[in-house]
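**Student:** Below you will find the structure I want to go over with you.
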Amino acid sequence: MSTFVPADQKPAAAYVRAKEGMSATQMWGLIFIAPYVLVFLVFVIFPVGYGLWLARQPQSYVRLFEDPVFTTAVVNTLVFLVVGINIKMIIALMLSGFFVQKRPWIKWLSALFILPWAVPSIPTILSFRFMLNPEWGLINSLIFRFTHLDGPNWLNNPTLALSLGITVHIWKSLPFWTLILISGRLAIPDELYEAASVDGATEWQKFRFITWASMRTLYLTCTILSMIWTLGDFNSIYLLTGGGPGDLTHVLATLGIRYLRLDEVGMSMASVVCAMPIVIPLVYFMTKRLSK
């Protein structure tokens, strides 16, 4: 039997029922989100806090700054960021224009192009290392077969080894950023290009005033995000060169492992903390841009 509610009390009764429903929804939401909060605390907050606690000693930073390997790693990291990211993003922008062509064979080629990014890093980067072996590697074997000359010791020259590490990084991550920029190009209406063609615009004018104007925000956002990820790129250098020769190709992402192998846990964590002045501004600009 339903209870009669006067007309002047119906809004209040509806408010009470809505409030009770919201409380139940919030309760179930807390139940479902509790495991994720627990995982976040255990696997994110606790490791970061423990690492900062290990890096609390000022003496660790004094010893770190006195280590010439640290200075070399900082310079290598800056070179890695400036050269690797700019080349990677420029190539990705150009390739995105190539892969948006409506031709059947483009689809098959794009599937092959994605493979370096889709395949795990360990076998792909180690395959590069094996090919660059100066004695029995594939590249030097081909050089000897066609020129009867011995190929260079690719990973024994610090400049050449770091350049190859940057090359491997670009090759591995290029497909991902190309796909992101392809999605940006596909979001541009075709009518804009058709109108520009009617007005007699050149291909460069179409790119400058339509493509770039539409994708500039996406491009800059991808560049910032790529910088954040590249700072933490451990595989490209460590799996290819191991930081050698003579610890001259270390970056900040691999320097911590060097100190761990030397049983210097405090300096290892301090080297990670030293990357924070670069990471925090990038994260800030990234979140600020995404909030627009």
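**Student:** So which residues in the range 237-269 are assigned to a loop (DSSP other than H, G, I, E, B) and aliphatic (A, V, I, L, M)?
**Tutor:** Taking the range 237-269 as the starting set, the residues that turn out to be assigned to a loop (DSSP other than H, G, I, E, B) are 239-251, 262-264.
Hits for the range 237-269 are Leu239, Leu240, Leu248, Val251, Leu262.
**Student:** Identify, from the list Pro123, Pro175, the residue that is over 20 Å from Asn76 (Cβ atoms) and either modelled with pLDDT under 90 or in contact with a Leu (Cβ under 7 Å, 6 or more places away or on another chain) (or both).
**Tutor:** On the way: Pro175 fails: either modelled with pLDDT under 90 or in contact with a Leu (Cβ under 7 Å, 6 or more places away or on another chain) (or both).
After ruling out the rest, the residue left standing is Pro123.
**Student:** Does the range 182-196 contain at least one residue that is in a loop (DSSP other than H, G, I, E, B), under 26 Å from the mean Cα position of the chain (by Cα) and within 28 Å of Pro158 (Cβ to Cβ)?
**Tutor:** No - not one qualifying residue is present in the range 182-196.
**Student:** Let me ask something else. Tell me which of these Met215 doesn't satisfy, since it passes every other one: (1) touching a Gly at 6+ places or on another chain (Cβ under 9 Å); (2) closer than 30 Å to Cys274 by Cα; (3) part of a helix (DSSP H, G or I).
**Tutor:** Met215 satisfies every listed condition except (2).
**Student:** To continue, here is another question. Looking for whichever is touching a helix residue (DSSP H, G or I) at 6+ places or on another chain (Cβ under 7 Å) and either in a helix (DSSP H, G or I) or crowded, with 17+ Cβ neighbours inside 10 Å (or both) here; the options are Pro116, Pro123, Pro134. Which one fits? Walk me through how you get there before you give the answer.
**Tutor:** Values: Pro123 fails: touching a helix residue (DSSP H, G or I) at 6+ places or on another chain (Cβ under 7 Å); Pro134 fails: either in a helix (DSSP H, G or I) or crowded, with 17+ Cβ neighbours inside 10 Å (or both).
Pro116 is the lone residue from the list that is touching a helix residue (DSSP H, G or I) at 6+ places or on another chain (Cβ under 7 Å) and either in a helix (DSSP H, G or I) or crowded, with 17+ Cβ neighbours inside 10 Å (or both).
**Student:** Checking the conditions here, which among Tyr238, Tyr219, Tyr284 is within 23 Å of the chain's Cα centre (by Cα) and without any contact (Cβ under 8 Å) to a residue 12 or more places away in the chain?
**Tutor:** Exactly one residue qualifies, and that residue is Tyr284.
**Student:** Tell me, please, whether a residue that is among the β-branched types (Val, Ile, Thr), surrounded by 15 or more Cβ atoms within 10 Å (Cβ to Cβ), out of contact with any Leu (no Cβ under 7 Å at 6 or more places or on another chain) and free of Cβ contacts under 8 Å to residues at least 60 places away in the same chain can be found in the range 155-172.
**Tutor:** If we filter the range 155-172 for residues that are among the β-branched types (Val, Ile, Thr), which is where we start, we get 159, 166-168, 170.
Narrowing the set further to residues that are surrounded by 15 or more Cβ atoms within 10 Å (Cβ to Cβ) leaves 166-168, 170.
This time we only want the ones that are out of contact with any Leu (no Cβ under 7 Å at 6 or more places or on another chain), so: 166-167, 170.
Going one step further and asking which of them are free of Cβ contacts under 8 Å to residues at least 60 places away in the same chain, we end up with 167.
Yes, the conditions are met somewhere in the range 155-172.
**Student:** Among all residue pairs at least 6 apart or on different chains, which show Cβ distances below 7 Å where the first residue, located in the range 185-199, is touching a residue at least 12 places away in the same chain (Cβ under 8 Å) and within 10 Å of Thr211 (Cα to Cα) and the second is part of a helix (DSSP H, G or I) and basic (Lys, Arg)?
**Tutor:** Tyr193/Lys206
The values are calculated or read from the model by the stated rules, or taken from the named source; none is laboratory data. Here the structure is a predicted model, which is why all the values come from computation and not from measurement. Note that we place each Cβ from the backbone using ideal geometry, even for glycine, and neighbour counts take in every protein chain shown.
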